[in-house]
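To keep things clear, I will list the structure first and then write my remarks on it.
The values are calculated or read from the model by the stated rules, or taken from the named source; none is laboratory data. Bear in mind the structure is a predicted one, so any value in this text is a computation, not a measurement. Cβ coordinates were reconstructed from backbone atoms using ideal geometry, including for glycine residues, and neighbour counts include every protein chain displayed. Surface areas here come from the heavy atoms of the whole protein model, side chains and all, with no ligands, DNA or RNA. Shrake-Rupley method; radii C 1.70, N 1.55, O 1.52, S 1.80 Å.
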Amino acid sequence: MREISAFAAEEERRVLSLRPVLAPVHGKYGDHPHQTYDAWPAEDPQAPLVLLLHGGYWRYDRMHLTPFAAWLATQGFSVLLPGFRRSGGAGGYPETFDDVARIVDTLPQGRPYVLAGHCSGGHLALWCAARALLPADSPWHTTTLPPAVLALAPLTDLEATRRDGLSNDAALQLLGGPDQFAQRLPHTDPLTLLKSAGTTGVRTVLLHGAADEEVPLTQFKDYAATHTDLETLTLPNTGHYTLIEPDSPAAREVSNTLHSLFSAPAGNPARLGVPPLGEFEDEAP
């Protein structure tokens, strides 16, 4: 059983016990009941669009992220929060990846946007950025990639996720079990896809808390060591869930980073306050 500190337990309880927020707009991008989305449109039709992928180790639904999505909408963004077929039910490999590919290929409808995701949603966002690195005959291969990606405390490495048994072997469940894992890993794992190229070509920011006890900090460090032009932002005294806690200091940093991604050209990551890539040490809360 995973052991966590009182700090992490309280953070998890506080954030995941928030009441879901009903979105003003709902839509569908497919015929399956899970192929739906919630939308918080901004009054300004030119407002920046954030496409937000939820976490939950590919198993759980998006309701826990609705308070954060609704809060982001108060910060000047239009927000889309899609559902998708999930592990343990209608999803897993390949359906989860089919749905996420369809989401990014269709829901922005040609608008500039930032693709953001938290935890396993961060894994899926990083995977979307790497789809041009897939074999040309892959059904998910495309050269039309997200303009920018913000990965919040993401799972970056499915092999490490399996090795550490995170969330009761969630990575094994996602890829269909131990007999299928090795075969499917090269098509679904951001770190594996990145190793040959060193970059996806998509502007990518990895933002995480230095006191994260949910995702091992080595996942962030190993991904940053492989991604040659990754921008990183490490928040001190911050755990895994505070990043999606409405109006927390960490959530305000997420909002500021999103605004920076829309307003500033790619180039020097120092404008985001990005620390050197080596600064991933564990930090006591």
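Which number in (1) modelled with pLDDT of 95 or more; (2) crowded, with 16+ Cβ neighbours inside 10 Å; (3) among the hydrophobic types (A, V, I, L, M, F, W, C); (4) farther than 17 Å from Ala148 by Cα marks the one condition that Ala42 misses?
Of everything listed in (1) modelled with pLDDT of 95 or more; (2) crowded, with 16+ Cβ neighbours inside 10 Å; (3) among the hydrophobic types (A, V, I, L, M, F, W, C); (4) farther than 17 Å from Ala148 by Cα, Ala42 misses just condition (1).
Given the criteria touching a Ser or Thr at 6+ places or on another chain (Cβ under 6 Å), open to solvent by less than 20 Å² (accessible area, probe 1.4 Å) and of a type in the set (A, V, I, L, M, F, W, C), does Leu49 qualify?
Values: touching a Ser or Thr at 6+ places or on another chain (Cβ under 6 Å): yes; open to solvent by less than 20 Å² (accessible area, probe 1.4 Å): yes; of a type in the set (A, V, I, L, M, F, W, C): yes.
Spelling it out, Leu49 is indeed touching a Ser or Thr at 6+ places or on another chain (Cβ under 6 Å), open to solvent by less than 20 Å² (accessible area, probe 1.4 Å) and of a type in the set (A, V, I, L, M, F, W, C).
Only one residue in Glu253, Glu245 is open to solvent by 10 Å² or more (accessible area, probe 1.4 Å), in contact (Cβ under 8 Å) with a residue 60 or more places away in the chain and either acidic (Asp, Glu) or touching a Leu at 6+ places or on another chain (Cβ under 8 Å) (or both), so which one is that? Reasoning before the result, please.
Numbers: Glu253 fails: in contact (Cβ under 8 Å) with a residue 60 or more places away in the chain.
After ruling out the rest, the residue left standing is Glu245.
State all residues of segment 192-222 that are within 30 Å of Phe7 (Cα to Cα), in contact with a helix residue (DSSP H, G or I) (Cβ under 9 Å, 6 or more places away or on another chain) and buried (at least 24 other Cβ atoms within 10 Å of the Cβ); if no residue qualifies, say none. Outline the logic, then answer.
Step one: of segment 192-222, the residues within 30 Å of Phe7 (Cα to Cα) are 204-222.
Next, from what is left, pick out any that are in contact with a helix residue (DSSP H, G or I) (Cβ under 9 Å, 6 or more places away or on another chain): 204-216, 218-219, 222.
If the condition is that a residue be within 30 Å of Phe7 (Cα to Cα), in contact with a helix residue (DSSP H, G or I) (Cβ under 9 Å, 6 or more places away or on another chain) and buried (at least 24 other Cβ atoms within 10 Å of the Cβ), then Thr204, Leu206, Leu207, His208, Gly209, Asp212, Val215, Gln219 are the ones that fit.
Any chance segment 106-122 includes a residue that's assigned to a helix (DSSP H, G or I) and open to solvent by 10 Å² or more (accessible area, probe 1.4 Å)? Outline the logic, then answer.
Going through segment 106-122, the residues assigned to a helix (DSSP H, G or I) turn out to be 106, 120-122.
Add one more test, that the residue is open to solvent by 10 Å² or more (accessible area, probe 1.4 Å), and what stays is 106.
Yes, segment 106-122 contains at least one residue that is assigned to a helix (DSSP H, G or I) and open to solvent by 10 Å² or more (accessible area, probe 1.4 Å).
Considering only residues that are small (Gly, Ala, Ser) and either within 11 Å of Trp40 (Cα to Cα) or touching an Asp or Glu at 6+ places or on another chain (Cβ under 6 Å) (or both), look in segment 52-78 and name the one that is surrounded by the most Cβ atoms within 10 Å (Cβ to Cβ).
Going residue by residue through segment 52-78, those that are small (Gly, Ala, Ser) are 55-56, 69-70, 73, 76, 78.
This time we only want the ones that are either within 11 Å of Trp40 (Cα to Cα) or touching an Asp or Glu at 6+ places or on another chain (Cβ under 6 Å) (or both), so: 69-70, 73, 76, 78.
Numbers: Ala69: 24, Ala70: 19, Ala73: 21, Gly76: 15, Ser78: 22.
Only one residue fits best here, namely Ala69.
When you check Asn256 against the structure, is it outside any helix (DSSP H, G or I) and either at pLDDT 50 or above or of a type in the set (Ser, Thr, Tyr) (or both), yes or no? Reasoning before the result, please.
Details: outside any helix (DSSP H, G or I): no; either at pLDDT 50 or above or of a type in the set (Ser, Thr, Tyr) (or both): yes.
In short, no.
Among the residues of segment 1-17, what is the count of those that are at pLDDT 95 or above and surrounded by fewer than 18 Cβ atoms within 10 Å (Cβ to Cβ)?
We begin by selecting, within segment 1-17, every residue at pLDDT 95 or above; these are 5-17.
When the remaining residues are screened for being surrounded by fewer than 18 Cβ atoms within 10 Å (Cβ to Cβ), the result is 5-7, 9-10, 12-14, 16-17.
Result for segment 1-17: 10.
Scan His141, His187 and give me the residue that is closer than 23 Å to Pro82 by Cβ and either part of a helix (DSSP H, G or I) or of a type in the set (Val, Ile, Thr) (or both). Step through it out loud before you land on a result.
Working: His141 fails: either part of a helix (DSSP H, G or I) or of a type in the set (Val, Ile, Thr) (or both).
Among His141, His187, only His187 is closer than 23 Å to Pro82 by Cβ and either part of a helix (DSSP H, G or I) or of a type in the set (Val, Ile, Thr) (or both).
Limited to segment 160-191, what total is found for residues that are over 14 Å from Val215 (Cβ atoms), open to solvent by 10 Å² or more (accessible area, probe 1.4 Å) and not hydrophobic (A, V, I, L, M, F, W, C)? Steps first, please.
First, the residues of segment 160-191 that are over 14 Å from Val215 (Cβ atoms): 168-169, 172-189.
Within this subset, residues satisfying the condition of being open to solvent by 10 Å² or more (accessible area, probe 1.4 Å) are 168-169, 172-173, 176-180, 182-187.
Now narrow it down to the ones that are not hydrophobic (A, V, I, L, M, F, W, C): 168-169, 173, 176-180, 183-184, 186-187.
Total satisfying the criteria: 12.
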